[in-house]
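What follows is a single structure, written as structure tokens, with notes after it.
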Amino acid sequence: MDLNTLWFALIAVLFVGFFFLEGFDYGVGILHPFLGKNDTERRMIVNTIGPVWDGNEVWMITAGGAMFAAFPHWYATLFSGFYLALVLMLLALIVRGVAFEFRSKMDEPGWRTTWDWVIFFGSAIPALLWGVALANLIRGVPIDGNMNYVGGFFNLLNPYALIGGLASLTLFTLHGATFLTLKLGGGLEDRARVYAGVIWYPAVLFLFLFVAGTYWMTDVHERLGLDPGVVPTVAVLALFAGRWTISNRRDGWSFILTAISVVFATVTVFIALFPRVMVSSLDPDWSLTIYNAASSPYTLKVMSIVAGLLVPVVLVYQAWTYWIFRKRITPETHLHY
Amino acid sequence: MDVVILARLQFAITTVYHFFFVPLTLGLAVLVAIFETIYVKTGDETYKKMTKFWGKLFLINFAMGVVTGIVQEFQFGMNWSEYSRFMGDIFGAPLAIEALLAFYLESVFIGIWIFGWDKISKPLHAVVIWLVAIGSNISALWILVANSFMQKPVGYVLRNGRAEMDNFFALLGNGHVWVQWPHVFFSAVATAGFFVAGISAWHLLRQSDQLEVFKRSFRIGVLYATIGVVLSMLVGHSQAQYMTRIQPMKMAAAEALWETEDPAAMSLFTIGNEKERRDVFAIRVPGLLSFLAFNRFSGEVRGINDLQREYQITYGPGDYVPPVAISYWTFRIMVGAGMAMFALAAFGLWTAARKGVPENSLYLKLMFWAIALPYIANSAGWIFTEVGRQPWIVFGLQKTADAVSTSVGVGEVMFSLIAFTLVYGVLMVADVVLLRKFAGAGVPDDDATAAAPVGAV
């Protein structure tokens, strides 16, 4: 495996980690104003991700930094091309992060309600837009011979990409619901399970449509053949199996299954992309690949050493946080947020 | 409006805004870590109260710094894609390392610190805030490694139509990093010192409850501020000398020095005509600029007109003069604010050494309002160092006008510029409301402090 492939894999891993972790954060944020019927319940819900959301979000920042370092043209084309979509996502993430910290620091109901909805939209918008963005990556967007996106904003809102967006939105919401069944106490976990049961239907529908659409509406079937292979199949099957675990209160399994679904769906996207990083719909020769978009061999080597040293350490201490805060949040828990 | 101007304006607004929160995070993290360490070592409850009181304000500020930092990671690609293509091979690396080495550290451990008061042991909890402080300051180091490359490109070779890294250690060993990072760090120390001393002064004026907390905070605050200001000035002096060597044009602009002089006079006040490149009115001290540049009262400091001629020979026809008025005044605002800070902090330290805390109400009021001074100095300093580098985005390698994204239109940048500015404005209001509430509320009495961890309401 050459370093270009390694870095493609590493960025895929960063996105997988990001969607696995931040996926349930988004889901918790989306469910928060509905699942929590009063202020205490809402605080409990926010506190389930209180100690971890910031660390989870760094996966995205790191993925962005890794793209910049390893594939500068990918970084340049993607973020200048999907400009307005990214602005919306950044605005959402900015207000969302502040909302977690600020929400419970004032007693006025108006203050808290406002931040509750900021948390909702700040989570729902990125959850939707990530699906839209990834779907457009594999579907292909108008990229010219100078690696510049020439499509405009509304070009991104095609049916396939919107299905991708709804798939990520519903899948993350479900993932958040199964997370909450494990993290909440005092009866709220039961309500979370009911919500999970409901969201399961659209999540299955949109994920299935997305996987099917990936074969139907992109060039994937020409490149990889009609047999979808193990990865997308697992993504869909895990979600199907979730129906049974949710109904039977196997909450640990439900979370594992939604996690598998998120992880394998993300891997599917990167398999469909490889070895390209952005597909040009104008001319296949204008697609960005792990070679023409890459940094120099020297930079890739330096970054490989750095990542090899640091990533394991990060994984250890981040896992430690989850261990420290493994207990459920109950009405008796001291709520910091 | 021109897309380059809009993109620059957006970068300036989002970055200056981001840097409103960063220095306090950098400096206060260390101070809170010191408070908590003393508490753990001595068991002195007053230090625990100080940890919690300042820790709460720290967290409100920290959140703002984190979220506004997200934009920074992406806007090189968004608005400066030609820059990203040309420099990405070098510039992306420090950003990625910053994320891996620093962002994870501070973001993961800040969560443990907020939520972990009753979950991990006291010494471990103190270690955690040190990790946050270290993470934040390492983050500053790596972003300054990146910025230093823009000021003084090193460790690269021009190949394949772009700048490619050929020596990673040259980036880290860039002399510019080692004058810029200390300057930023000590400015951050000064910022936190003034923040702590200023809010304490307000409580001393009001004779708030738990006065001991604020007396002690004030004394430590002015000491910290004095250390920060003095070292920031000393390092700033070496930074200016370094700048005179690597970017003489920036120094000439900072001084509105049109013609080369030896010995060079320093301007105290100049009204200039930027178009014709001449003074309209100026008060100048003979020899002082040479002294600042070389530590002696002679020595040639090159002027704008000579440098412009030189640069045209080296880089081809073009205008290589940065906006002189902005450079001149932001430099003076920074230095002036620094001097005022030095006077206030030194007076406070001197009084505190003799009497415990100052009682002069005018001085205490001044110290409260002086919280603004480091913010003014920090912002002016960054505007100066970035505007003074123009027309270059990377000195000598790429011009700002060539770096902008070609695929992003005026309308799009206009939209994002307005959207970011509005949202940032609203958040600033919320931030100030909360800071006022918690800074003004003072320290709860003993029982409440024992029961309520930081972050709780």
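The values are calculated or read from the model by the stated rules, or taken from the named source; none is laboratory data. Predicted model, so just to flag it, every value in this text is computed and none were measured. Don't worry about glycine lacking a Cβ; one is built from the backbone with ideal geometry, like all the others, and counts go over all protein chains shown. Note: areas computed on protein heavy atoms with side chains; ligands, DNA, RNA excluded. Shrake-Rupley method; radii C 1.70, N 1.55, O 1.52, S 1.80 Å.
Total accessible area buried between chains A and B, 1.4 Å probe, in Å² to the nearest 100?
So the buried area, both faces added, is about 6500 Å².
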Distant-in-sequence amide H partners of residue B:278 (H built 1.01 Å from N, under 5 Å): B:273
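Can you sort A:121, A:34, B:186, B:168 by solvent-accessible area, 1.4 Å probe, largest first? Please list the in-between numbers first.
Values: A:121 110, A:34 90, B:186 45, B:168 20 Å².
Result, largest first: A:121, A:34, B:186, B:168.
Considering every residue in A:86-94, what mean count of other chain Cβ atoms within 10 Å of its Cβ is obtained?
On the way: counts 6, 11, 2, 2, 13, 8, 1, 3, 11.
Partner-chain Cβ atoms within 10 Å, mean over residues of A:86-94: 6.
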Cross-link reach list, aspartates and glutamates versus residue A:301, counting only Cα pairs under 18 Å and skipping chain neighbours closer than eight places: A:2, B:89, B:98, B:164, B:166
The range B:262-286 scanned against label point 7 Å out from residue B:298 along Cα→C-beta; backbone N under 17 Å for B:262-265, B:286
Leaving ligands, DNA and RNA out of it, work out the accessible area of residue B:321 with a 1.4 Å probe and give it in Å² to the nearest 10. 30
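Could you order peptides B:91-100, A:89-98 by the average number of other Cβ atoms within 10 Å of their residues, highest first?
Values: B:91-100: 26.7, A:89-98: 23.0.
Output ranking for B:91-100, A:89-98: B:91-100, A:89-98.
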Rolling a 1.4 angstrom probe over the protein chains, ignoring ligands and nucleic acids, what is the accessible area of residue B:56 in square angstrom, nearest 10? 40
Cross-link reach list, lysines versus residue B:41, counting only Cα pairs under 29 Å and skipping chain neighbours closer than eight places: B:49, B:52, B:56, B:119, B:122, B:215, B:355
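Tell me what the protein assembly as shown gives for mean residue ellipticity at 222 nm when only DSSP H runs of n ≥ 4 count, each as -39,500 (n - 2.57), the sum divided by the residue total, rounded to 500 deg cm²/dmol. Before the final figure, lay out each step's value.
Working: 29 runs with 584 residues, N = 794.
Helices in the protein assembly as shown give a 222 nm mean residue ellipticity of -25500 deg cm²/dmol.
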What share of Cα pairs, in percent, lie more than 36 angstrom apart in the protein assembly as shown? 47
Where the Cα atoms of the range A:200-266 are projected onto their three principal axes, how long is each span, largest first, in whole Å? 42, 20, 16
Pick out, from B:244, B:336, B:287, the residue whose Cα sits farthest towards the positive end of the charge dipole of the range B:184-339, with +1 on the Cβ of Lys and Arg and -1 on the Cβ of Asp and Glu. B:336
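Could you give the size of the charge dipole of chain B about its Cα centre, using +1 on the Cβ of each K and R and -1 on the Cβ of each D and E, expressed in debye and rounded to the nearest 20?
Values: 33 positive and 33 negative charges, 171 e Å.
Magnitude of the dipole: close to 820 debye.
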With a 1.4 Å probe and all protein chains kept in place, how much accessible area does residue B:84 have, in Å² rounded to the nearest 10? 0
Sorted by chain and number, the residues with a modelled amide H under 5 Å from that of residue B:398, at a separation of 5 or more or across chains, are B:393
So, in nm, how far is label residue B:212 from label residue A:2 when the simple model puts each one 7 Å beyond its Cα toward the Cβ? 6.9
Report the label-to-label distance for residue B:315 and residue B:245 in nanometres (one decimal), using points 7 Å from each Cα along the Cα→Cβ vector. 2.1
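From the P(r) of the range B:251-321, could you give the percentage of C-alpha pairs in the tail past 14 Å? Each step should come with its number before you reach the end.
Values: 1447 of 2485 pairs.
Within the range B:251-321, distances greater than 14 Å cover 58 percent of Cα pairs.
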How high is the relative contact order of chain B? Use alpha-carbon pairs under 8 Å, at least six apart in sequence, and give a whole percent. 21
I need the phi-derived Karplus couplings for the range B:197-209: 6.51 cos²θ - 1.76 cosθ + 1.60, θ = phi - 60°, integer Hz, Gly and Pro marked x. 5, x, 5, 4, 4, 4, 6, 5, 4, 7, 6, 5, 4
So for A:327, A:105, B:355, what's the accessible-area order with a 1.4 Å probe, most first? A:327, B:355, A:105
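For A:117, B:54, give me the order by solvent-accessible area with a 1.4 Å probe, most accessible first, ignoring ligands, DNA and RNA. Write out the running numbers ahead of the final one.
Values: A:117 100, B:54 0 Å².
Most to least solvent-accessible, the answer reads A:117, B:54.
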Under a point spin-label approximation (7 Å from Cα along Cα-to-Cβ), what is the residue B:269-residue A:40 distance to one decimal in nm? 6.6
Give the carbon-plus-sulfur fraction of the accessible surface of chain B in %, rounded to a whole number; probe 1.4 Å, heavy atoms of protein chains only. 67
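Other chains near A:43-54: what is the mean number of their Cβ atoms within 10 Å of each residue's Cβ?
Numbers: counts 1, 0, 0, 0, 1, 0, 1, 4, 9, 5, 2, 13.
Going residue by residue through A:43-54 and averaging, the value is 3.
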For the range B:1-134: Kirkwood Rh in Å [reciprocal of mean 1/r, alpha carbons]: 16.6
